[in-house]
Amino acid sequence: MNLAAIRNGMADNLSVIPDIQVSPYMLSAPTPPAVHVLPDTCEYDLAMRGGLHELTMMVQIFVSITTDQGAQVLLDQYLAPTGAQSVKAALEADRTLGGACQDSHVQMF
């Protein structure tokens, strides 16, 4: 498991979303709208001889709150399961993340 390759694969998939700053690493000063990728949890050795590791990554989205409703509408578009601005659709367009993993799946928590 190569964490850098997974981060970069996720960022590559997210880069198809129009007009958003994308980073595979935490942004110290994001310029909204922006999205970055963070590791969350990892379970090693779920199969014999290290044959399966399960990694959970967090994708954090930032929108500018210049108007009460506008930011929420934009955030809704990013959180939608489909569409040109859907984070889920972008991430699952290539579920191997450029060959960095065997499979990936997006869930919202």
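When we screen Val37, Val59 for residues that are out of contact with any Lys or Arg (no Cβ under 9 Å at 6 or more places or on another chain) and modelled with pLDDT of 95 or more, the only hit is Val59. Please specify each residue of segment 74-88 satisfying the condition of being free of Cβ contacts under 8 Å to residues at least 12 places away in the same chain and open to solvent by 40 Å² or more (accessible area, probe 1.4 Å). Across segment 74-88, the qualifying residues are Asp76, Gln77, Pro81, Thr82, Gly83.
Of Ser28, Ser23, Ser64, all but one fail to be modelled with pLDDT under 95 and of a type in the set (Ser, Thr, Tyr); the exception is Ser64.
Only a single criterion out of (1) assigned to a loop (DSSP other than H, G, I, E, B); (2) within 14 Å of Ile17 (Cα to Cα) is not satisfied by Leu75, namely (1).
Assigned to a helix (DSSP H, G or I) and touching a Ser or Thr at 6+ places or on another chain (Cβ under 7 Å), is that true of Ala11? When the stated conditions are applied, Ala11 passes them.
If you filter segment 22-63 down to residues that are exposed (fewer than 13 other Cβ atoms within 10 Å of the Cβ) and small (Gly, Ala, Ser), you find that the one that is farthest from Cys101 (Cα to Cα) is Ala29. Report whether or not Cys101 is open to solvent by less than 70 Å² (accessible area, probe 1.4 Å), modelled with pLDDT under 95 and in contact with a strand residue (DSSP E or B) (Cβ under 7 Å, 6 or more places away or on another chain). Taking the combined requirement at face value, the residue does not satisfy it. Report yes if Asp45 is assigned to a helix (DSSP H, G or I) and out of contact with any helix residue (DSSP H, G or I) (no Cβ under 8 Å at 6 or more places or on another chain), otherwise no. The answer is no for Asp45.
Residue by residue, here is whether (1) touching a residue at least 12 places away in the same chain (Cβ under 8 Å); (2) among the β-branched types (Val, Ile, Thr) holds:
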{"residue": "Val35", "(1), (2)": "yes, yes"}
{"residue": "Cys42", "(1), (2)": "yes, no"}
{"residue": "Gly50", "(1), (2)": "no, no"}
{"residue": "Met58", "(1), (2)": "yes, no"}
{"residue": "Phe62", "(1), (2)": "yes, no"}
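Only residues that are over 20 Å from Ala5 (Cα atoms) and of a type in the set (A, V, I, L, M, F, W, C) were counted in segment 50-109, giving 13.
Can we say Gln72 is at pLDDT below 95 and of a type outside the set (D, E, K, R)? In short, yes.
The values are calculated or read from the model by the stated rules, or taken from the named source; none is laboratory data. Since the model is a prediction, treat every value here as computed from it, not as a measurement. Cβ sites come from the backbone with ideal geometry, for glycine too, and all protein chains shown count toward neighbours. Areas reflect the complete protein model, heavy atoms only, side chains present, ligands, DNA and RNA absent. Shrake-Rupley method; radii C 1.70, N 1.55, O 1.52, S 1.80 Å.
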